Amino acid sequence: MREGYRWRSAKVGSRLGASRIGGSLYDLGDGERTFPNHFHHGMEEWLIVVDGTPTLRAQGHERQLRAGDVVCFPTGPQGVHQVRGPGVVLMLSATRSPEVIEYVDSGKIAAGPPGKVFRAADAVDYWEGEEIAAGAETETTSGAE
């Protein structure tokens with residue numbers, strides 16, 4: 001794992017045989033983060049603090065949490081978040097596919113499937129690369145012949 005993102009985890013949803021709700025338990029050391037600051041386009045997430053005093057970064061503010069706190073991160077930019085230890089947290093979400101995640105600080109977008117990460121700055125026009133070759137036949141339909 002990368003420096004600043006080191007943790008122990010357990011996927012509790014799959015261990016329970018769940019197919020629609022996923023859950024991961026993260027044991028975060030002091031200053032370690034779960035993931036980069038991000039939000040999901042199609043999946044709401046819940047954070048439940050099991051132990052410790054993790055710091056939540058959300059909507060440009062930081063606040064310290066404690067055992068028993070529950071936070072919901074809605075879909076879209078209003079759900080942007082990052083969690084930093086120390087603490088043990090349970091993250092719950094629907095297991096929905098496909099999914100798109102935006103990483104706000106680094107300007108990246110992840111799409112899954114296929115599980116690829118792109119720079120948002122590399123965005124292109126919808127029609128780029130969709131030129132019709134000269135002389136190519138186009139299909140037309142007529143209501144009456």
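Derivation of every value follows stated rules applied to the coordinates shown; laboratory data play no part. Predicted model, so just to flag it, every value in this text is computed and none were measured. Cβ: placed from backbone, ideal geometry, glycine included. Neighbour counts: every protein chain shown.
What list of ³J(HN,Hα) couplings, whole Hz, do you get for the range 123-128 from phi and the Karplus terms 6.51, -1.76, 1.60, once you set θ to phi - 60° and write x for glycine and proline?
4, 10, 5, 3, 8, 4
Normalised radius of gyration for the chain, please: alpha carbon Rg relative to 2.2 N^0.38 Å, two decimal places.
1.42
Order by neighbour count: Tyr5, Tyr126, Tyr103, Tyr26, fewest other Cβ atoms within 10 Å first, most last.
Tyr126, Tyr5, Tyr103, Tyr26
Return the calculated 222 nm mean residue ellipticity for the chain, to the nearest 500 deg cm²/dmol, obtained by summing -39500 (n - 2.57) across DSSP H runs with n ≥ 4 and dividing by the residue count.
Mean residue ellipticity at 222 nm (helix-derived): -500 deg cm²/dmol.
How many percent of all Cα-Cα pairs in the range 1-87 sit more than 16 Å apart?
Percent of Cα pairs beyond 16 Å in the range 1-87: 55.
What residues have an amide H closer than 5 Å to that of Glu99, excluding those fewer than 5 places away on the same chain, when H is modeled at 1.01 Å from N in the peptide plane?
Gly112
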